[in-house]
Amino acid sequence: LLLLVFIFFIHSLDLNPSVYNVSIFVCTSLIIILFMEPEINRGYRYYCLEENNITLVEGILNKRKISIPYDQIASLEVVKTPLGRILKFGDIVIVGVKDEIKLKGIRYPDKIYSRIQERIDAEKKKKK
């Protein structure tokens, strides 16, 4: 839809054909990159909800791994945009004592939030 609006706008400017073709190419490339960005992120970033902690592993050549034990999670938050609310995706921000992990572009973030919260509660019960 955005591409069609942009094409209509460019066409209404009566540009010379070479400028018109370059504009269409640039616009199409940008829109493809914007739509592919979540898929590209999934290629080099993944999350593990393990028994005792949450782990983020990211990178292709240089791997970076961050783990936060459930008993050290200070806060947990779900962040959804208006489009995310409609399409049922969003981010989960997990703040630990030392680190922060942001689970980006998660489908059904409320379900994952509930699972994490259950594990946090279970860890608190174990400590008592």
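The table that follows gives values for the structure above.
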read-out	value
Residue tally, condition farther than 15 Å from Gly105 by Cβ and among the β-branched types (Val, Ile, Thr), over segment 50-86	7
Number of the condition not met by Glu58 [criteria: (1) touching a residue at least 12 places away in the same chain (Cβ under 8 Å); (2) closer than 17 Å to Lys98 by Cα]	(2)
Sole residue being open to solvent by 80 Å² or more (accessible area, probe 1.4 Å) and assigned to a loop (DSSP other than H, G, I, E, B), chosen from Lys98, Lys124	Lys98
Any hit, segment 110-119, residues being open to solvent by 40 Å² or more (accessible area, probe 1.4 Å), touching a residue at least 40 places away in the same chain (Cβ under 8 Å), charged (D, E, K, R) and part of a helix (DSSP H, G or I)	yes
Qualifying residue in segment 24-35 (condition: loosely packed, with under 14 Cβ neighbours inside 10 Å, more than 30 Å from Val5 (Cβ to Cβ) and not charged (D, E, K, R))	no
Tally, over segment 60-95, of residues that are among the aliphatic types (A, V, I, L, M) and open to solvent by less than 70 Å² (accessible area, probe 1.4 Å)	10
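The values are calculated or read from the model by the stated rules, or taken from the named source; none is laboratory data. None of the values given here were measured: they were computed from a predicted structure. Positions of Cβ are generated from backbone atoms using ideal geometry, with glycine treated the same way; all protein chains shown enter the neighbour counts. Ligands, DNA and RNA are excluded from the accessible area calculation, which covers all protein heavy atoms including side chains. Shrake-Rupley method; radii C 1.70, N 1.55, O 1.52, S 1.80 Å.
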